[in-house]
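Visitor: Before we start, here is the structure in question, set down as C-alpha cells.
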Amino acid sequence: MLRRTLIAFSLLASAASQAADYNCSVTPNDDIFMTPESVQVIGRSGDLVITPNGDITLNGKNIAATEAQKQQAIRYQSAIRNDLPWIKQESEKKLATSRETVDKVVVKVIGSDSNVRKRLTKLEKDLNSQINQIIETRPNGYAFHHEAMKNAEAKGKQLVNESLGGILQDSINEMGRKQLLSGGDANQALQGMLGNLGGLQQELETEWKKQEKSFQLFGVQVCSKVTGIEQQRVSLLNSIKAK
C-alpha cells in the first residue's frame, strides 16, 4: 500500500515534467534570445538574427533577402515570440494544477494543517526554478538554453524523488498521530491509519485519471510547436544559402 500511495503521489507531483518529457522526434539544439528588437538563434547553423520587419543577419553579415524570404523570416520569428512564452507559461500552469490537485486531496484526507502542503508549495517553487533554467524570463524578453534541458530534467526528477520521501513520511506520521489521538488501542490505530492511507491513494489515483489526458495533450502541443519552429528554421536557412 505504501508503494502504491507513493506512485500515486509521484504521478501528480511530476505531471508537468512528464508532459514536457513527451517523446518528441525533434530535440532543440540552438539557443534562442528574444527581445523586442530581434530574435537571435545561435547554434548549429551559426548566429542568426531576425528583426520584427524581417531583416536578416547571419554570422554578422547582412543578408540581402528577397521579399519572400523576409516574409518567411517574419513568420519564423513570430512563431518563436508566440510559442516560447506559451510553453513556459503553460508548463507553470500545469505544475500549479498538479500542486493544487494534490493539495486538495491532502486537505480532504489529512487536514488543512498538514505539513505536506508546505512541501508541495516548495516543490512547485523548485520545479519552476528548473523551468526557468530552460526558458529564462529576462527584463527585455526570454532566453532559451538548450543545454539546460538535460540538467533541468535530471534535477527535476531528483527534486520530486527527494520531496516524495518527506511527503509520504509526513502523511504516515500525521494520519497515525490523529488515529492515536482519537482513542483506541495501537492495533486499531494502525488499522485506521492504513485505511486512511488507502483512501489517500485512491483519491490521488482518481485525480490523476481525470488529468492524465490533459497532460498528454500538453506534451503533444509542445512537441508540435517545437517541431514547427525547427522546420521553419531549416527552411529559412536553406532558402538563404540557396541564393
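Visitor: Calculate one ³J(HN,Hα) per residue across segment 100-117 by plugging θ = phi - 60° into the Karplus curve 6.51 cos²θ - 1.76 cosθ + 1.60, and present them in order as whole Hz with x for glycine and proline.
Guide: Once θ is set to phi - 60°, the couplings for segment 100-117 become 5, 5, 5, 4, 5, 5, 4, 4, 5, 8, 9, x, 6, 8, 5, 5, 4, 4 Hz.
Visitor: Could you run the Karplus curve 6.51 cos²θ - 1.76 cosθ + 1.60 with θ = phi - 60° over segment 163-168 and give me ³J(HN,Hα) per residue in whole Hz, x for Gly and Pro?
Guide: Those phi angles translate into 5, 4, x, x, 4, 5 Hz.
Visitor: What fraction, in whole percent, of alpha-carbon pairs in segment 77-149 exceed 19 Å separation? Before the final figure, lay out each step's value.
Guide: Details: 1188 of 2628 pairs.
Summing the P(r) of segment 77-149 above 19 Å gives 45 percent of all pairs.
Visitor: So what is the relative contact order for segment 23-75, in percent, with contacts set as C-alpha pairs under 8 Å and at least six apart? All intermediate terms of the calculation are to be shown ahead of the outcome.
Guide: Working: 73 pairs, mean separation 11.7, N = 53.
It comes to 22 percent, rounded to a whole number.
Visitor: Going by amide H atoms built from the backbone, whose H comes under 5 Å of the H on Asp47, apart from near neighbours?
Guide: The answer is Asn59.
Visitor: Kindly write out, for segment 41-53 in residue order, the coupling ³J(HN,Hα) from the Karplus curve 6.51 cos²θ - 1.76 cosθ + 1.60 (θ = phi - 60°), rounded to whole Hz, with x marking Gly and Pro.
Guide: 10, 10, x, 4, 9, x, 10, 10, 10, 10, 8, x, 8
Any read-out appearing in this document is the output of simple, stated calculations on the displayed coordinates, not a laboratory observation. Just so it is clear, the model here is predicted, and its values are computed rather than measured.
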